[in-house]
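For reference, the structure discussed in these notes is given below.
Read-outs throughout are calculated quantities, based only on the coordinates presented, and are distinct from any laboratory measurement. On a predicted model such as this, the values are computed, not experimentally measured, just so you know. Here the Cβ positions follow ideal geometry from the backbone for every residue, glycine too, while neighbour counts run over all protein chains shown.
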Amino acid sequence: MIPGSFAKVIINFAPRDNTIFIPSQSIVPTARGKQVILFNQGQALFNDVELGIRDSSRVEITKGLKAGDTILVTGIMATKPDSKVELRKVVN
């Protein structure tokens, strides 16, 4: 290639069944990995997760969440483990 030239690359991934994607901003980085905050009966529960592929706004969760879990997307940096949480809006 000549310096300054461009190449367009297209990579096709095989679709995976039952993949869980969540917003990137809901990931909490820790010293030992990544966590999300689960909402469970009015309390914040911190749960370890493993990440897969990501795009500009979402990340795949390969381990640590199941379909139907409710996670916090906003206010995560101010939330402490086992603190009381009030949901104002639920988005699927």
Would you mind telling me which residue in T30, T70, T62 has the biggest mean-square fluctuation in a Gaussian network model of the chain, where springs connect alpha carbons within a distance under 10 angstrom? T30
Evaluate E = 1/(1 + (r/R0)^6) for L87 and N47, where r is the Cβ-Cβ distance and R0 equals 25 Å; express this FRET efficiency to the nearest 0.05. 0.90
Evaluated at 37 °C and 0.692 mPa s, the Stokes-Einstein D of the chain based on the Kirkwood radius over Cα pairs, in µm²/s, stands at 216 µm²/s
Cross-link partners of K66 among lysines (Cα-Cα below 26 Å; sequence separation of 8 or more within a chain): K34, K80, K84, K89
Relative compactness, the range 1-42, computed as alpha-carbon Rg over 2.2 N^0.38 Å: 2.07
With unit charges on the beta carbons (Lys and Arg positive, Asp and Glu negative) and the dipole taken about the Cα centre of the chain, which residue among T74, I11, F21 sits farthest to the positive side? T74
